[in-house]
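Let me begin by presenting the structure, written as structure tokens, before commenting on it.
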2 protein chains.
Amino acid sequence: MTILFQPLHLLASTTETADSSLVLAAVLLSLVVVYFASKLGGELSNRIGLPPVLGELVGGVVVGVSALHLLVFGGDVEASNSLIMQFLTMQGGLSPLSANSVFHAQSEVISVLAELGVIILLFEIGLESNLKDLLSVGLQATVVAFVGVVVPFAAGTAGLMIIFGVSAVPAIFAGAALTATSIGITSRVLSELGRLNSKEGQIILGAAVIDDVLGIIVLAVVASLAKDGAVDVGKVIYLIFSAAGFLVGAIALGNFFNKSFVGVVNILKTRGELILPAFIFAFLMAYFAASIQLEAILGSFAAGLVLEETEKRKELQQQIIPVADILVPIFFVTVGAKTDLSVLNPAIPSNREGLIMAIFLVAVAILGKIVTGFSVFGQEKINRLAIGVGMIPRGEVGLVFLGIGSSVGVLTKPLEAAIIVMVIVTTFLAPPFLRIVFPDSEEATVSSTAENS
Amino acid sequence: MTILFQPLHLLASTTETADSSLVLAAVLLSLVVVYFASKLGGELSNRIGLPPVLGELVGGVVVGVSALHLLVFGGDVEASNSLIMQFLTMQGGLSPLSANSVFHAQSEVISVLAELGVIILLFEIGLESNLKDLLSVGLQATVVAFVGVVVPFAAGTAGLMIIFGVSAVPAIFAGAALTATSIGITSRVLSELGRLNSKEGQIILGAAVIDDVLGIIVLAVVASLAKDGAVDVGKVIYLIFSAAGFLVGAIALGNFFNKSFVGVVNILKTRGELILPAFIFAFLMAYFAASIQLEAILGSFAAGLVLEETEKRKELQQQIIPVADILVPIFFVTVGAKTDLSVLNPAIPSNREGLIMAIFLVAVAILGKIVTGFSVFGQEKINRLAIGVGMIPRGEVGLVFLGIGSSVGVLTKPLEAAIIVMVIVTTFLAPPFLRIVFPDSEEATVSSTAENS
């Protein structure tokens, strides 16, 4: 083998072009693993009556750092931890150094593709949502979001300080991590259940968006607390105004932009005349959202909402499907693959203390969001439990809090493990829970399809 | 601005998550630039009656290293050369070091996306081509490919040695670079002209595939010549057998794989049930091709040919369109953006000698391929000029030769510049030339559509 594949080695060590061909080979194999895991997991999950996205997450865990090590990601990790890299190294006779550089490039590419995946997912969700419907439940969604931030934060922080004797700053950080809601997981499950355009679905979606904005503000507050021991009021005010400005601006822009978008698309005559202008808009909005500290996905969601108002909506929804089909699974499988289940192993001493705190955090995380459903007012026949359950998954947003807390150095190992467990459990429990609280999806599918057409 | 955007800076310097959010921001802005350049260039080119792909290439040049510096690529280049990175640095208060790491990650991601783009392009071309039609002109295509390798190689090498007094090894390298044919450029233009399924189109496509295989062998020969002064016969035999084995194996596999593919797709019930298995197959074939030193695009082309034989063809062709629309332009714009037109500047002394050699190389490059059309036998009413013109563009394949020649250190600066000019001129001239030699596309479009259905 080594002799046969020598040219690959020769190229790798001498030219840049060839090095990039190794990165390409690593990316191609990673994508094959991602697609295989997502399809197998999604289909099996669907067979046993659970949302496919749960299977994609579990498929990711199986191929990821917790089990098969096919799909692992860089950072502190060496290339030798990745089975794909081991395979390529064996094949190409790579040196450990160049294997590491290929590995990190591949990790970076797959991570960015995953982020583009969730940006496209929210763009698609935006295209399927109706701005007027969303605004009509705006007040309820705002109340749900506020309750869903205040209750878990207060209960989590107080409980950690009183029951576990954790000091104030780390307790506040853990409390902040409890406030997050993963729009990605929830919206995908709602879409799969055909409930995105139900009143409950709209409230959950709206609340998740507002929750995201609140989360950014909470994060800025706790980060400045951890750094200086005081809150930077100016920054908080800036964040509140820029976030509100972005959301209001995006909606206002919609009315003006609708017509010019259709006008531009109608004069274009070459391939991609609809999808490329749409992507330019979605990616610009994602960039703007990211540049004012919001999540990029809020930008693409807003772009989807704006374009949903145009006459090109149907056509664009059709064209976005295959693009979402190849990019969105990368996100969910990556979330699973990056999940390190070793924190759940009670044989490791430092995990035990964490696991006990984790039980408390999981309870607060679930109950603290379930109560939000009961804060909905003025709606008689509404599935309050479903709304609360829809807010449960912390997903990637919870991990952002964790990452910042770790980097500032305020979290102890057990508390860090407890937060990871809380994020894992809420993320993986939400899809089956949602399936249970929305028992019969026949009617919902029909009504949401009818609304859409 | 600096104060307002400080949080981005804080995140960037303290956490990995945030650093990746800067890479995402850079990728989003780069994609917006790519899509804008491709759409504007493609539309303008189409308005003046030229193939859109030429406009995409020129659009790439305008935003790339030769002009606006919006889209530039890493390697030896510093982040400060990229306007997008300058903008992000200004916004986020990045240090030069972290700006460089974000810049290189962004370059890597866009480069891989471009390579995925051309892989998807050839997959789509494969899905639109018919294996039987291709095999029926197989002998003619083989002759065209051989003539198109031998004539430019012999004329180029001899001319450089005799007229310009270049020594043997660099002359052979330059001669080898003259043998390449860019399948990407040619197939896209043929597709745009509606001539992909004409007899001429099939011969060009078949010859370009065989040319690619021959090119890999030529490259291995000249690379071992340059390194050891002798040809590694064992390696050449291995390459010939593995390449032939791959092509024959892919075709043979087709008959077996057809049915199992359709069988698998039919039992899948969740989203992406057709496109994900198809992509798994295409990416695996691309990986296999790359791992035996062929180009990855030959693998995806073969995958497309195999799936074209299945009953899922129509549906898959439909689904691939939006995916190709968002990925393929990244390839063409990137090719343009990486093209450094400064070698054409006669004010730089070292360019002058190169420009004179370039005139000779361009003449050999064009005439050496045009004669290939007249080697087609047994076809009475065939557009021989069109076949020759279709083989002209060297594109990315020519640059691979150049990259390896430079890295081995056998090329002088003027000869290197001359090869770059040859690649640029043949790549940019081919689309308008093809438009001219295929004057009336009405009939062709209709007949190719008819053949397809």
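Projected onto the charge dipole of the protein assembly as shown (+1 at Lys/Arg Cβ, -1 at Asp/Glu Cβ, origin at the Cα centre), which of A:SER291, A:PHE123, A:ALA171 gives the Cα projection farthest towards the positive end? Highest projection toward the positive end goes to A:PHE123. Pairs over the 29 Å Cα-Cα cut-off, from the set A:LYS199/A:LYS314; A:LYS314/B:LYS39; A:LYS312/B:LYS312: not a single one.
Ordering B:PRO152, B:PHE377, B:LEU44 by the projection of their Cα atoms onto the charge dipole of chain B, which places +1 on the Cβ of Lys and Arg and -1 on the Cβ of Asp and Glu, puts B:PHE377 at the extreme positive end.
Ordering of A:163-174, B:253-264, B:132-143, B:303-314 by packing is B:303-314, A:163-174, B:132-143, B:253-264, highest average first (other Cβ atoms within 10 Å, averaged per residue).
Quickly estimate the mean residue ellipticity at 222 nm for chain A, helices only: each DSSP H run with n ≥ 4 gives -39500 (n - 2.57), and the total goes over all residues, rounded to 500. Can you show the working numbers first?
Numbers: 19 runs with 351 residues, N = 453.
Rounded to the nearest 500, the figure is -26500 deg cm²/dmol.
Each copy carries a label point for A:SER167 at 7 Å from Cα along the beta-carbon vector; from one copy to the others these points are 7.1 nm apart, nearest first. Evaluated with a Cβ-only charge set (Lys, Arg +1; Asp, Glu -1), the protein assembly as shown carries a dipole of roughly 200 debye about its Cα centre, given to the nearest 20.
Quick note on the stretch A:76-161: its Rg to Rh ratio, both from C-alpha atoms and Rh being the Kirkwood radius, is 1.29. Given R0 = 30 Å, the distance between the Cβ atoms of A:PHE377 and A:LYS132 translates into a calculated FRET efficiency of 0.90.
Take each residue in A:263-269, count the other chain C-beta atoms within 10 Å of its C-beta, and the mean is 2. Residues whose amide H falls under 5 Å from that of B:SER66, counting only those 5 or more places apart or on a different chain, are B:LEU341, with hydrogens built in the peptide plane. Assuming charge only on the beta carbon of Lys and Arg (+1) and of Asp and Glu (-1), the dipole of chain A about its Cα centre is about 380 debye to the nearest 20.
Over what distance in Å are the Cα centres of the stretch A:32-78 and the stretch B:118-190 separated? Each part reduced to its Cα centre gives a spacing of 42 Å.
Inter-copy label distances for B:ALA230: 7.9 nm (label point placed 7 Å from Cα along Cα→Cβ; shortest first).
Averaging sequence separations of C-alpha pairs under 8 Å and six or more residues apart, then dividing by the length of chain A, give the relative contact order as a whole percent. It would help to have the intermediate numbers written out before the result.
On the way: 703 pairs, mean separation 111.5, N = 453.
Worked out over chain A, it gives 25 percent.
Positive end of the dipole of chain B (Cβ unit charges, origin at the Cα centre): among B:HIS69, B:THR270, B:GLN202, the Cα lying farthest that way belongs to B:GLN202.
Applying the Karplus relation 6.51 cos²θ - 1.76 cosθ + 1.60 with θ = phi - 60° to the stretch A:315-327 yields 3J(HN,Hα) values of 4, 5, 4, 4, 6, 6, 4, x, 5, 5, 4, 8, 9 Hz, where x marks Gly and Pro.
Within 10 Å of each Cβ in A:310-319, how many Cβ atoms from other chains are there, averaged over the peptide? Before the final figure, lay out the partial values.
Details: counts 0, 0, 0, 0, 0, 0, 1, 0, 3, 7.
Shielding by partners across A:310-319 averages 1.
Distances between equivalent label points of A:GLY378 across the copies, with each point positioned 7 Å along Cα→Cβ, amount to 8.0 nm, shortest listed first. Measuring nothing but how far apart in sequence close Cα pairs (under 8 Å, 6+ apart) lie, relative to its length, the stretch B:34-120 scores a relative contact order of 18 percent. Near B:VAL222, once Lys and Arg are set to +1 and Asp and Glu to -1 for all other residues with Cβ below 14 Å from its Cβ, the sum equals 0. Extending 7 Å from the Cα toward the beta-carbon at both A:THR142 and B:LEU385 defines two label points whose distance is 7.1 nm.
The share of Cα pairs per 10 Å bin across the stretch B:131-204, counted from zero up to the longest distance, runs 19, 35, 25, 17, 3 percent.
Each reported figure results from applying straightforward, stated rules to the coordinates on display, with no laboratory input. Just so you know, these numbers come straight off a predicted model, no measurement behind them. Here Cβ is always computed from backbone atoms with ideal geometry, including for glycine, and neighbour counts include all displayed protein chains.
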